[in-house]
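Accompanying notes for the structure given below.
The values are calculated or read from the model by the stated rules, or taken from the named source; none is laboratory data. Every value quoted in this text rests on a predicted model; they were computed, and no experiment measured them. Please note: Cβ atoms are built from the backbone with ideal geometry, for glycine as well, and neighbour counts cover all protein chains shown.
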Amino acid sequence: MGPFHAVIIGGGGTGAAVAHDLTLRGMKVTLIERGELTSGTTGRHHGLLHSGARYAVKDKESAVECIEENTILRRIAPGSFELNDGLFVAITDEEVAYSSEFIESCQECGIPVRRLTHTEVLAREPNVNPAIKLGVQVPDATMDAMRMPLRFFATAKHNGATIKPYTEVVDFVRRGNAVSAIRVRDHTSNKEYEIGGDIFINAGGAWSGRIGAMVGVDVPIRPSPGVMLAVYGRLSNMVINRLHASGDGDIIVPQRALSVIGTSSWVVEDPDNLGLPEDHIQMMIHFGSELIPAVRTAKFRAAWSAARPLIGPRGADTGRELSRTFKCFDHIDENVEGFVTITGGKATTLRGMAETTANVVCAKLGLAKPCQTREFVLLPHTAYYV
Amino acid sequence: MDDIQPTTDPVRPKAPLRSWFDVRGRSMSTLAFALNRLTAVGLTIYLFLHLSVLSLLVRGPESWDSFVALAKHPLFLLLDVVLLFGVVYHMANGIRVALVGMGVGHARHKTLFYVLVGIALVLFVVGAVLIFTG
Amino acid sequence: MQSTMSRRTLEEMATRRDRSGSLWLVQAFSGLFLVFILGAHMIAHHFIVEGGLRNYQQVLEYVANPVVFVIEVLFVILGVVHALLGVRAIIIDLRPSAGTLRLVNWGLVFFGAVAIGYGLWLAVALQRLAG
Amino acid sequence: MVERDIDFKVFRYKQGGAAPAYQTFRVRCDENTTVLVALQDIRRDQDGTLIMRHSCHHASCGTCGMRINGREELGCVVKVFDLNTSTVVVEPMRNMPVISDLVVDMGPFYDRFNSAGMPLMRESEFLDEADVAEGLEAYMRCENCIECNLCVSACPIMGTDPTYLGPAALAAAWRVVEEPRGLDAKPLLDWVDSQNGCWRCHVAYECNEACPSGVFPGDKIMSLRRELTKRKFRRLFGR
């Protein structure tokens, strides 16, 4: 018997990292994605490599995950980031008061912080609202939201994984209580065929609930979109955050020749139908200009929505109350064998999500192979195409 | 649709004529390039015709002067006007391409084009009038 | 999805990494010179003389002028070089195989030499006729 | 908000299926609807088999290059109403093999870069700024080129000869010549100094018109030529 065959459904950052991890552990891997790779949520986020500071006060688990993965990604994907750190700026007295709790929490989570005075902040980032009272420097960074995950695909592909974009799962084939194959449609030729495997991994992100439903399991996923706005010009070099408990329009991420202002949060049923509420775009301009006044006059480039895959019970309404951590579900709990779901999380933690998933998969298959992705330097994204 | 390649095979070049001369939706510079190539072909043909016609000179005054008489026919003069346009345009755009192509003034290639082709058009009109009245 | 450029195309790219690209510079400079020489040629021949073209005798007298002789000779050389380089550029854009291109190169060199030789002969012959 | 029905005439092709054809879909659009969003709406509501490339939705990843009403554009930043046409024609990029519908195979694009035989594609550049935050050596940013292939699609010479290195690779070469950062740029200058290199360009400047990211490959090709011209003259007159 050859190596176990893992079939991954979903070609976003999570699927990419899972494919990479499992190929390194010696498994045969096939990944399918219904559209282009990273065309769901992955490529569409504001491109922040989290330091974890955003979650340090309220969601320590996420914060610790972030700083750990932040350090690892800098090591294994050099060149995919704009490593200019991030700044949390306090504008109101309330935010100044909050800063000590913020700094303490960051330190507890192992996030290096540096307090900067009003003058120091403006010397480094002259466009920031001159009314700011203080700033806290953290190791945030800008990532290339599409090319960084593509490096996982490139590396997995070169290590033997089969990556099939434009291939959509249409049905699951069961043998007894186990999933034994998936039926897929290749959209490049309109042909349907089956892919058999030993384990099927649902890495559908915001779409993972829909994939779970096809198997008859409940994945408690809440697609929670946010609106982002990109304007021309680098209004800052560091990532500028508002120093408060998270809220709307509280971050500006410089990216190439653009600045991306994010984001809002609500909850939808259908991750394919997010809409783009005009009032949210206005909100980005309004709150963004409190961080950097030039947002108001900067030339518009694009506005778009992306759906976060947040884990939570039905009934959540804004998504802000939901944790940003990730979870791997083994659906054997619901009497379905050979099917696991990895969801939640964020781009920063994609490698960690994959490690957890691969651990679950290996345990299920009785495979004693350690994770190697922490040190494995990824191929450049261009390697995906050659 | 003919210029799209519905195939996963390696890139197959399409008909060059379409690529050079289909200026629909293209910018001014493609038009300039297409016209440059068109006038180039015309001028090349003319150059060699011209050279061979000159051999009449060696054959003596009769053959040459009868050619000159033919060349003064209005239809021939019309061809001269077309030729003149080819010359002045190819010249003006050629100066631009030569300068820009050597990295001189490439940031202002559009201005260069309009100025040079503007001058060329003035020369053309003056020349055309001279051809018929001169 | 394993379809990239064919090996043949890549090899073609490698073998065609020749230096002839900078012939473009010759093309550009001959063109710039032609602006002056052709300008002089056209004005002298067609716009100065009453009626646009010289009769036989006028032509011979004109070519007898040594400055004109030099200009005409230069014009023949630069004009032919510029034109044939242009023809070559067009042929290259038609993707000839390496063999065809070699043939084209030699053909153009031959044709150019003949044309220039003919032009020079013509100029000298006319000057002789003018006495 | 104003809403209008717009017809999208979309290029359709499936491997092994019928010959390519255009299919028209009517989509309800508002002021914010981009061509990419409209195409996604078609996939969601009308035809689930329509495929296209897309990722970031703000002109930073370069995947959604396509031809909209004949012009090379990123679908994510073209608002439907700005086109001012009641029918929008959407086609895949030119000079690339079409895998299906609007999806082209990007392999040849990267092959051209790889034929340089040296690291050509830059991920990031360092910025010159005096006051840099503590702990950082210099601010850095990702390069402008987003590898979208629009310049290659727009280039009239690329259309006749795929062995031309093309605007994107030449522009990247100029970035290295301009800022070698320790690399020896000479072999690269030799590489572009060829019939298929920078001399092949016929100055149609379609690449500049098509570039959505401020790279302006045409200008960079001309800069390479200026550098090579200087080099040749120096050589001609004994340095």
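Looking at A:Arg151, A:Arg115, just one residue is closer than 20 Å to D:Ser60 by Cα, in contact (Cβ under 8 Å) with a residue 12 or more places away in the chain and of a type outside the set (A, V, I, L, M), and that residue is A:Arg151. Looking only at helices (runs of 4 or more DSSP H) that lie completely in segment C:49-131, which have at least 1 residues being hydroxyl-bearing (Ser, Thr, Tyr) and within 11 Å of another protein chain (Cβ to nearest Cβ)? In segment C:49-131, the matching helices (runs of 4 or more DSSP H) lie at C:56-64, C:98-130.
Per the conditions (1) more than 14 Å from chain B (Cβ to nearest Cβ); (2) touching a Lys or Arg at 6+ places or on another chain (Cβ under 8 Å), the sole criterion not satisfied by D:Tyr164 is (1). Quick one: would you say D:Asp219 is at the interface with chain B (Cβ under 9 Å from one of its Cβ atoms) and either in contact (Cβ under 8 Å) with a residue 12 or more places away in the chain or part of a loop (DSSP other than H, G, I, E, B) (or both)? No.
Yes/no per residue for (1) within 14 Å of chain D (Cβ to nearest Cβ); (2) under 18 Å from C:Val35 (Cα atoms); (3) among the hydrophobic types (A, V, I, L, M, F, W, C); (4) out of contact with any Pro (no Cβ under 8 Å at 6 or more places or on another chain):
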{"position": "B:Tyr46", "(1), (2), (3), (4)": "no, yes, no, yes"}
{"position": "B:Leu51", "(1), (2), (3), (4)": "no, no, yes, yes"}
{"position": "B:Gly60", "(1), (2), (3), (4)": "no, no, no, yes"}
{"position": "B:Phe67", "(1), (2), (3), (4)": "no, no, yes, yes"}
{"position": "B:Pro74", "(1), (2), (3), (4)": "no, no, no, yes"}
{"position": "B:Ala92", "(1), (2), (3), (4)": "yes, yes, yes, yes"}
{"position": "B:Arg96", "(1), (2), (3), (4)": "yes, yes, no, yes"}
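Residues of segment D:66-82 that are touching a residue at least 40 places away in the same chain (Cβ under 8 Å) and not charged (D, E, K, R): D:Leu74, D:Gly75, D:Cys76, D:Val77, D:Val78, D:Val80, D:Phe81. Contact map, segment C:24-51: first residue on the phi < 0 side of the Ramachandran plot, second residue in a loop (DSSP other than H, G, I, E, B) and at pLDDT below 90, Cβ cut-off under 6 Å, separation 6 or more or different chains; pairs are C:His46/C:Gly52. Condition check: of a type in the set (A, V, I, L, M) and within 9 Å of chain C (Cβ to nearest Cβ). Does D:Val192 satisfy that? In short, yes.
Somewhere in segment B:111-118, is a residue crowded, with 17+ Cβ neighbours inside 10 Å and under 21 Å from C:Met42 (Cα atoms)? Checked against the condition, which is being crowded, with 17+ Cβ neighbours inside 10 Å and under 21 Å from C:Met42 (Cα atoms), segment B:111-118 yields at least one hit. Checking D:Glu178, D:Glu206 one by one, the residue that is crowded, with 20+ Cβ neighbours inside 10 Å and away from chain C (no Cβ under 14 Å) is D:Glu206 and no other.
Condition (residue is in a strand (DSSP E or B) and assigned by TED's automatic domain parsing to the domain that holds A:Val268) applied to segment A:172-181: is it met by at least one residue? Scanning segment A:172-181 turns up no residue that is in a strand (DSSP E or B) and assigned by TED's automatic domain parsing to the domain that holds A:Val268. Any chance segment A:219-233 includes a residue that's in a loop (DSSP other than H, G, I, E, B) and surrounded by fewer than 20 Cβ atoms within 10 Å (Cβ to Cβ)? Yes; the residues of segment A:219-233 include at least one that is in a loop (DSSP other than H, G, I, E, B) and surrounded by fewer than 20 Cβ atoms within 10 Å (Cβ to Cβ). Yes or no: segment D:163-170 includes at least one residue that is assigned by TED's automatic domain parsing to the domain that holds D:Phe113, under 30 Å from A:Asp140 (Cβ atoms) and either assigned to a loop (DSSP other than H, G, I, E, B) or out of contact with any Phe, Trp or Tyr (no Cβ under 9 Å at 6 or more places or on another chain) (or both). No, segment D:163-170 contains no residue that is assigned by TED's automatic domain parsing to the domain that holds D:Phe113, under 30 Å from A:Asp140 (Cβ atoms) and either assigned to a loop (DSSP other than H, G, I, E, B) or out of contact with any Phe, Trp or Tyr (no Cβ under 9 Å at 6 or more places or on another chain) (or both).
Residue pairs whose Cβ atoms lie under 7 Å apart, sitting 6 or more positions apart in sequence or on different chains, and linking a residue in segment B:122-134 that is more than 9 Å from chain C (Cβ to nearest Cβ) to a partner that is assigned to a helix (DSSP H, G or I), are B:Leu123/B:Val88; B:Phe124/B:Leu84; B:Phe124/B:Phe85; B:Phe124/B:Val88; B:Ala128/B:Val81; B:Ala128/B:Leu84; B:Phe132/B:Leu77. The residue pairs whose first member lies in segment D:172-193 and is in a loop (DSSP other than H, G, I, E, B), whose second member is at pLDDT 85 or above, and whose beta carbons are closer than 7 Å, counting only pairs six or more residues apart or on different chains, are D:Leu183/D:Val176; D:Ala185/D:Val176; D:Ala185/D:Val177; D:Asp193/D:Leu228.
Taken together, the residues in segment D:81-116 that are in contact with a Leu (Cβ under 9 Å, 6 or more places away or on another chain) and within 14 Å of chain C (Cβ to nearest Cβ) amount to 6. Only one entry in D:Cys76, D:Cys151 is assigned to a helix (DSSP H, G or I), more than 7 Å from every other protein chain (Cβ to nearest Cβ) and either touching a Cys at 6+ places or on another chain (Cβ under 6 Å) or polar (S, T, N, Q) (or both), namely D:Cys151.
Here is a yes/no grid of residues against (1) surrounded by fewer than 22 Cβ atoms within 10 Å (Cβ to Cβ); (2) at pLDDT below 95; (3) in contact with a Ser or Thr (Cβ under 9 Å, 6 or more places away or on another chain):
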residue	(1), (2), (3)
A:Phe339	no, no, no
A:Thr343	no, yes, yes
A:Ala347	no, yes, yes
A:Arg351	no, no, yes
A:Ala354	no, no, yes
A:Ala358	no, no, yes
A:Val361	no, no, no
A:Gly366	yes, yes, no
A:Lys369	yes, yes, no
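Taking the condition crowded, with 24+ Cβ neighbours inside 10 Å, aliphatic (A, V, I, L, M) and either assigned to a loop (DSSP other than H, G, I, E, B) or modelled with pLDDT under 95 (or both), does A:Leu310 pass? Here the answer is yes, as A:Leu310 does meet what is asked. For segment A:35-56, the tally of residues that are closer than 23 Å to A:Thr71 by Cα, within 7 Å of chain D (Cβ to nearest Cβ) and charged (D, E, K, R) stands at 1. Tell me yes or no: at least one residue of segment D:47-65 is of a type outside the set (D, E, K, R), assigned to a loop (DSSP other than H, G, I, E, B), exposed (fewer than 14 other Cβ atoms within 10 Å of the Cβ) and in contact (Cβ under 8 Å) with a residue 12 or more places away in the chain. No: zero hits.
Is at least one residue of segment A:238-259 surrounded by fewer than 17 Cβ atoms within 10 Å (Cβ to Cβ), assigned by TED's automatic domain parsing to the domain that holds A:Gly345, out of contact with any strand residue (DSSP E or B) (no Cβ under 9 Å at 6 or more places or on another chain) and of a type outside the set (D, E, K, R)? Checked segment A:238-259: no residue is surrounded by fewer than 17 Cβ atoms within 10 Å (Cβ to Cβ), assigned by TED's automatic domain parsing to the domain that holds A:Gly345, out of contact with any strand residue (DSSP E or B) (no Cβ under 9 Å at 6 or more places or on another chain) and of a type outside the set (D, E, K, R). For segment A:278-307, filtered to residues that are within 9 Å of chain D (Cβ to nearest Cβ) and over 20 Å from A:Val239 (Cβ atoms), the residue that is surrounded by the fewest Cβ atoms within 10 Å (Cβ to Cβ) is A:Glu278.
Scanning segment A:198-233 for residues that are among the small types (Gly, Ala, Ser) and at negative phi gives A:Ala203, A:Gly204, A:Ala206, A:Ser208, A:Gly209, A:Gly212, A:Ala213, A:Ser224, A:Gly226, A:Ala230.
Residue under question is D:Arg200, and the condition is that it be facing another protein chain (nearest Cβ under 8 Å) and either in contact (Cβ under 8 Å) with a residue 60 or more places away in the chain or of a type outside the set (Asp, Glu) (or both); does it hold? So D:Arg200 passes the test.
Scan segment B:56-104 for residues that are among the acidic types (Asp, Glu) and touching a residue at least 12 places away in the same chain (Cβ under 8 Å) and jot them down. Within segment B:56-104, just B:Asp80 meets the criteria.
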